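A.B. asks: After the structure tokens below, expect a handful of questions from me.
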Amino acid sequence: MQTLKQKHRPFCFSVKGQVKMLRLALTVTSMAFFIIAQAPEPYIVITGFEVAVIFFFIILYMLRLDRLIDCLFWPLLDIINSMVTAVFMIIISVLALIPETTTFIVLGGILLQMECNTKCLMIRLEEALYYFEHCLKRSKPA
């Protein structure tokens, strides 16, 4: 009897990969707006740090290093990262929307708010995918 292999799907073409790419695009765009508007340095630094972290996770999943380094539970680490950065990005986006700001800082704040909404979607998506993967593993006959 042949065992069916799980179809390998490149990370960039998966839903999770597309959402991460969208997060990266929104964060880079908001950082560009902050740099153009010469926003306060914490806005630029926190947004730049988030770009680096998102890029790290994209490279990690593209090279499938999460499969090689199995001592860490990557879905949980990704969810914790999304929740912590969502809090930071909400704070920065709210501070950027204070009335005494320029148009580019307001646009950067709006894009960060959109990115926070994308993070919430990503957290729910990761939880659902994790749940379905484990339910399917349990329901398969031995």
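The values are calculated or read from the model by the stated rules, or taken from the named source; none is laboratory data. Small disclaimer: the values here were computed from a predicted structure and weren't measured. Areas reflect the complete protein model, heavy atoms only, side chains present, ligands, DNA and RNA absent. Shrake-Rupley method; radii C 1.70, N 1.55, O 1.52, S 1.80 Å.
A.B. asks: Hey, if we sort Arg124, Arg23 by accessible area with the 1.4 Å probe, largest down, what's the order?
C.D. replies: Arg124, Arg23
A.B. asks: Let me check I have the definition right: for region 6-80, take the eigenvalues of the Cα gyration tensor, multiply each by 5, take square roots. What are those semi-axes in whole Å, largest first?
C.D. replies: 28, 14, 8
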